[in-house]
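Below you'll find the structure, written out as structure tokens, and then a few comments.
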Amino acid sequence: SGEINLAFSNLTLIQKLDLSNNGLTGKVPDFLSNLQSLIELNLEGNKLTGALPVKLLERSNNGSLLMRVGGNPNLCVSASCQTVDLKTKKSA
């Protein structure tokens, strides 16, 4: 449970990361986008919120990353979330 730990950012050669069904909360951190060797990321069945980082979406869309995020009802998994988030920040 808790948020995705920053310690995962040190696993620069990791290829598969399965954090499914761990009761994880909070946003999906940007540092996961920097794990260049990562080819599979499973975040299913948690309580993650907010929008997925743009770079993770891009990698998923171009086929360089297999990403599973189902079962996170408050997680936005489309690029349109980024637009809404930016508009919210500008008006604040």
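Just checking, which of Leu38, Leu52, Leu66 is within 17 Å of Thr25 (Cβ to Cβ) and of a type in the set (A, V, I, L, M)? Write out each step before concluding.
Numbers: Leu38 fails: within 17 Å of Thr25 (Cβ to Cβ); Leu66 fails: within 17 Å of Thr25 (Cβ to Cβ).
Only one candidate passes the filter, namely Leu52.
Quick one: in segment 58-72, of everything that is out of contact with any Leu (no Cβ under 8 Å at 6 or more places or on another chain) and touching a residue at least 12 places away in the same chain (Cβ under 8 Å), which residue is surrounded by the most Cβ atoms within 10 Å (Cβ to Cβ)?
Within segment 58-72, the subset out of contact with any Leu (no Cβ under 8 Å at 6 or more places or on another chain) is 58, 61-64, 70-71.
When the remaining residues are screened for being touching a residue at least 12 places away in the same chain (Cβ under 8 Å), the result is 64, 70-71.
On the way: Ser64: 11, Gly70: 12, Gly71: 14.
The qualifying residue surrounded by the most Cβ atoms within 10 Å (Cβ to Cβ) is Gly71.
Which members of segment 62-88 meet the condition of being under 15 Å from Gln36 (Cα atoms) and either touching a Ser or Thr at 6+ places or on another chain (Cβ under 6 Å) or modelled with pLDDT under 95 (or both)?
First, the residues of segment 62-88 that are under 15 Å from Gln36 (Cα atoms): 62-67.
The one that is under 15 Å from Gln36 (Cα atoms) and either touching a Ser or Thr at 6+ places or on another chain (Cβ under 6 Å) or modelled with pLDDT under 95 (or both): Met67.
Please go through segment 8-58 and pick out each residue that is within 20 Å of Ser78 (Cβ to Cβ), of a type in the set (S, T, N, Q) and either at pLDDT below 95 or touching a helix residue (DSSP H, G or I) at 6+ places or on another chain (Cβ under 7 Å) (or both).
Correct list: Ser33 only.
Listed here are the residues, each with its yes/no results for (1) hydrophobic (A, V, I, L, M, F, W, C); (2) surrounded by fewer than 18 Cβ atoms within 10 Å (Cβ to Cβ).
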residue: Asn22; (1), (2): no, yes
residue: Leu35; (1), (2): yes, no
residue: Ile39; (1), (2): yes, yes
residue: Leu56; (1), (2): yes, no
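Determine which member of the set Ser60, Ser33, Ser20 is under 17 Å from Glu3 (Cα atoms), polar (S, T, N, Q) and assigned to a helix (DSSP H, G or I). It would help to see each step written out before you state the result.
On the way: Ser60 fails: under 17 Å from Glu3 (Cα atoms); Ser20 fails: assigned to a helix (DSSP H, G or I).
Going through Ser60, Ser33, Ser20 in turn, the sole match is Ser33.
The values are calculated or read from the model by the stated rules, or taken from the named source; none is laboratory data. Treat the numbers as computed from the prediction; the structure is a model and nothing was measured. Reconstructed Cβ throughout: ideal geometry from the backbone, glycine too, with neighbour counts over all protein chains shown.
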